[in-house]
1. Under the 0.36 nm per residue contour assumption, what length would be gained going from the current alpha-carbon distance of K60 and A86 to full extension?
2. Using a 7 Å offset from Cα along Cα-Cβ at R8, what residues in segment 28-63 end up with backbone N under 14 Å from the label point?
Amino acid sequence: MTLNKVIRVAVDMTMTVLFFVLMSYHVADTLVHEILGAALFLLTIVHNILNRRWYGALLKGRYTPGRRLHTAVNLLFLAALVCLVASAVAVSRHLFAFMGIRGICGPGGSTSLPPTGALYLWPSTWVSTGTAWYGLPPQS
């Protein structure tokens, strides 16, 4: 296995573990949750850099039904992630509080957007992973 592949797998596994830990929000302190969420976002950026060829291949080749599905799932996943991060920054009590963004928050600084974003992110993560790992549907 090449060094690049080892790094990719390590980043992906770390992201998976962090995702599970972040889903148990009630166990961790709010500050810990925010720090781990920021770490997951940074790892997502690293993951996208390591897999940048995918973006370069978007406009190349023939789009079979399987490739269309895989691309749509990944783009929806990316949109859900961007929405989740934007709303999480807006409701941050510790890590991003210095930014003073409170436009989408309800009374007391609460909002249902991060949990809603996480609910969309959860299934799209597994569908994206499944289509990539198992080649479902076939890319040919």
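1. Details: separation 26, 0.36 × 26 = 9.36 nm, distance 3.07 nm.
In short, 6.3 nm is gained.
2. Correct set: 47-57.
Values in this text are rule-based calculations from the coordinates and carry no lab data. Remember, predicted model here, so these are calculated numbers, not experimental data. Positions of Cβ are backbone-derived with ideal geometry, glycine not excepted, and every protein chain shown enters the neighbour counts.
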